[in-house]
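Reading through the structure tokens given below for one structure.
Quick note: the coordinates plus some simple rules give every number you see, no bench work behind them. Because the structure is predicted, anything quoted here is derived from the model rather than measured. Backbone-built Cβ (ideal geometry, glycine too); neighbour counts: all protein chains shown.
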Amino acid sequence: MPMTRRLLLLTGLGSALNVGAILAVDRWRQADSLAEGDPVEATAAVSEAEVIIRGFQYLPAEVTLKRGGTITFTNEDSTPHTATPLDGAQFQGTGRLRRNESKVVVFEVTGIQNYFCDIHPSMVGRIVVVD
Ligand SMILES: [Cu+2]
């Protein structure tokens, strides 16, 4: 349907514009923060990060991510693991990852997104999503 196609095109364009705007704002923020002598906060949140699952741990156990950013979860254990939303966390879990399997997860909702392994519930991690 042409209407659907047009909506998809607009959505794609919107994303591209947003990314550009975010990058521009980040540059502005960094310049501003450097002037104030406080570059730490400006560089804390990332748009992409990796979490390695190794030795029944998420490494790193906490990541600060920009909204709309992605985490690539990779399981390096021979045992299967998951990264499953906990405490009402809002993101799509990885499902079961076997050895050397990866899954890219998008985080669209700001806030503290806790997760755990639903096979080994003592395994916990956290993604802090910020604007
Ligand atoms: Cu596990």
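What number comes out for the charge environment of VAL130, summing +1 per Lys or Arg and -1 per Asp or Glu over other residues with Cβ under 9 Å away?
Local charge sum for VAL130: +1.
Rounded, prolate or oblate: which fits the stretch 45-130, taking a ≥ b ≥ c as square roots of the Cα gyration tensor eigenvalues, rounded meaning a/c under 1.5, else prolate when a/b beats b/c?
prolate
Which percent, to the nearest 5, of DSSP beta bridges fully inside the stretch 45-130 are antiparallel?
In the stretch 45-130, DSSP labels about 60 percent of beta bridges as antiparallel.
May I ask you to evaluate 6.51 cos²θ - 1.76 cosθ + 1.60, the Karplus curve with θ = phi - 60°, for each residue of the stretch 60-71 and list the ³J(HN,Hα) values in order in whole Hz, giving x for glycine and proline?
Computed from phi, the couplings for the stretch 60-71 are x, 6, 9, 10, 9, 10, 6, 4, x, x, 10, 10 Hz.
Count the net charge of all other residues whose Cβ sits under 15 Å from the Cβ of PHE73, scoring Lys and Arg as +1 and Asp and Glu as -1.
Once positives and negatives cancel, what remains is -1.
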